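Student: Mind looking over this structure? Questions follow.
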Amino acid sequence: DLSELGVIAHLEGAPLVALSMRSIEDALVIRSGDADGRPVEIIHLGTPGAGGSHTRVLVKAQRSEELMVVEHFAALGSDPSWSNSVTEVSVGDNAKVCHIQILHGGDEAHRTGNLSVELGRDGAFESHVVSLGGTIGRSEIQVRLSGKGSHCDLTGLYVAAGKSVLDNYTEIEHLAPHTNSEEDYRGVMSDKSIGGFVGRVLIHEGAIKSETHQLNNNLLLSPSAVVHTRPQLEIDNDDVAATHGSTVGQLDENALFYLASRGLNKEQARALMIWAFVKAQIDRLPLESLKHLCLERVAERLSLSDSWIGELE
């Protein structure tokens, strides 16, 4: 029944959602009761050819239930491909949903996607986005904290190399009192790649006693790498607590010198510092299998020696 779609992911001002709805033929519906407490894994495959592939997923967690969903995005073959996905998540009262997106992608893969979430009273939503490939990748996340006491925690890691462009757009709306949001995104850009982060938090009138904290840290590994970062706060009442910030920098030469003085060569010192920056984010993933997978892909993406993986973990 496609009538359930589009209730959470609105069409207005969302071209990716509108395009997905126009091309929709069927959808995958995941209900917390059917998962029986086990993680649900979905694999999206971008196929070469005109028009790309458009997928819809609806996730529903009923009152006081928990659910974990992992979405993998990859491409078939080495030819140019495009995958556009829209996932809607309904978090019931006192329910909890953990959602993980991993963008694998090949050198010619293009991936765009929208994740729209709505939370009920005391609902909790946890999001992890790991973007590790593709020519172009754009992740959009829109969360509405509609129920009193609801909470969301968004983390992201984007590792861009070559000439890839990886963009992240997040929007969190505090609509009810005593709502809380935490957001921490990190980016690593090398070669001639471009990274992007736009984080918008809106605390509406009436959402008193709400709290939000947002941070975006970025590491540039080459003079040609670029990152665009724009954290935003829009607050319509005074009784809130809010912080936001962003950083952009290169590897600290003094720290590299210190590591060299302790017996590491230049390549080892560089790898150790990159690993520390990346691993702190990957360690937040709730599944060990995904941690190992992402660490291996990061090493491959940044040409870090495989012999260091075991030692640095």
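The values are calculated or read from the model by the stated rules, or taken from the named source; none is laboratory data. Here the structure is a predicted model, which means the values were calculated and not measured. Here the Cβ is made from the backbone with ideal geometry for all residues, glycine too, and neighbour counts use every protein chain on show. The protein model used for the area step is the full one, side chains on, heavy atoms only, and it has no ligands, DNA or RNA in it. Shrake-Rupley method; radii C 1.70, N 1.55, O 1.52, S 1.80 Å.
Student: Would you confirm, using the coordinates I've provided, whether Asn216 is touching an Asp or Glu at 6+ places or on another chain (Cβ under 7 Å) and either open to solvent by less than 40 Å² (accessible area, probe 1.4 Å) or part of a strand (DSSP E or B) (or both)?
Tutor: Numbers: touching an Asp or Glu at 6+ places or on another chain (Cβ under 7 Å): no; either open to solvent by less than 40 Å² (accessible area, probe 1.4 Å) or part of a strand (DSSP E or B) (or both): yes.
Criteria not met by Asn216.
Student: Select the strands (runs of 3 or more DSSP E) contained entirely in the range 25-124, then report the ones holding at least 1 residues which are touching a helix residue (DSSP H, G or I) at 6+ places or on another chain (Cβ under 9 Å), polar (S, T, N, Q) and without any contact (Cβ under 8 Å) to a residue 60 or more places away in the chain. Even if it seems obvious, please write down each step before you answer.
Tutor: Numbers: elements: 28-31, 40-46, 53-61, 66-75, 81-91, 96-103, 109-119.
By residue number, 53-61.
Student: To continue, here is another question. Of these, Gly49, Gly13, Gly37, which one is within 14 Å of Asn114 (Cα to Cα), surrounded by fewer than 17 Cβ atoms within 10 Å (Cβ to Cβ) and not aromatic (Phe, Trp, Tyr)?
Tutor: Gly13
Student: Which count do you get for residues in the range 258-313 that are surrounded by 13 or more Cβ atoms within 10 Å (Cβ to Cβ), modelled with pLDDT of 90 or more, out of contact with any helix residue (DSSP H, G or I) (no Cβ under 6 Å at 6 or more places or on another chain) and outside any helix (DSSP H, G or I)?
Tutor: Count: 3.
Residue-wise test of (1) more than 15 Å from Ser139 (Cα to Cα); (2) more than 20 Å from the chain's Cα centre (by Cα); (3) among the acidic types (Asp, Glu).
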{"position": "Gly156", "(1), (2), (3)": "no, no, no"}
{"position": "Ala161", "(1), (2), (3)": "yes, no, no"}
{"position": "Ile172", "(1), (2), (3)": "no, no, no"}
{"position": "Ile208", "(1), (2), (3)": "yes, yes, no"}
{"position": "Leu219", "(1), (2), (3)": "yes, no, no"}
{"position": "Asp236", "(1), (2), (3)": "yes, yes, yes"}
{"position": "Asp239", "(1), (2), (3)": "yes, yes, yes"}
{"position": "Ala255", "(1), (2), (3)": "yes, yes, no"}
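Student: Across the range 225-256, which residue is modelled with the highest pLDDT among those that are assigned to a helix (DSSP H, G or I) and surrounded by 12 or more Cβ atoms within 10 Å (Cβ to Cβ)?
Tutor: Among them, the one singled out is Ala255.
Student: Since Cys152 meets every condition but one in (1) out of contact with any Lys or Arg (no Cβ under 6 Å at 6 or more places or on another chain); (2) farther than 13 Å from Asn216 by Cα; (3) surrounded by fewer than 24 Cβ atoms within 10 Å (Cβ to Cβ), which condition does it not meet?
Tutor: (3)
Student: Still on this structure, I have one more. If you go through the range 75-88 one residue at a time, do you hit one that is at pLDDT 95 or above, open to solvent by 10 Å² or more (accessible area, probe 1.4 Å), hydroxyl-bearing (Ser, Thr, Tyr) and closer than 28 Å to Ser3 by Cα?
Tutor: no
Student: In addition: Within the range 41-63, can you find the residues that are at pLDDT 90 or above and not polar (S, T, N, Q)?
Tutor: If the condition is that a residue be at pLDDT 90 or above and not polar (S, T, N, Q), then Glu41, Ile42, Ile43, Arg56, Val57, Leu58, Val59, Lys60, Ala61, Arg63 are the ones that fit.
Student: OK, next. Looking at (1) closer than 22 Å to Arg284 by Cβ; (2) in contact with a Phe, Trp or Tyr (Cβ under 9 Å, 6 or more places away or on another chain); (3) open to solvent by 10 Å² or more (accessible area, probe 1.4 Å), which one does Val91 not meet, given that it meets all the others?
Tutor: Status for Val91: all satisfied but (3).
Student: Restricted to the range 55-65, and to residues that are open to solvent by 40 Å² or more (accessible area, probe 1.4 Å) and touching a Ser or Thr at 6+ places or on another chain (Cβ under 7 Å), which residue is nearest to Arg22 (Cα to Cα)?
Tutor: Thr55
Student: Can I ask one more? Suppose we filter Gly199, Gly133 for residues that are open to solvent by less than 10 Å² (accessible area, probe 1.4 Å) and not in a loop (DSSP other than H, G, I, E, B); which single one remains?
Tutor: Gly199
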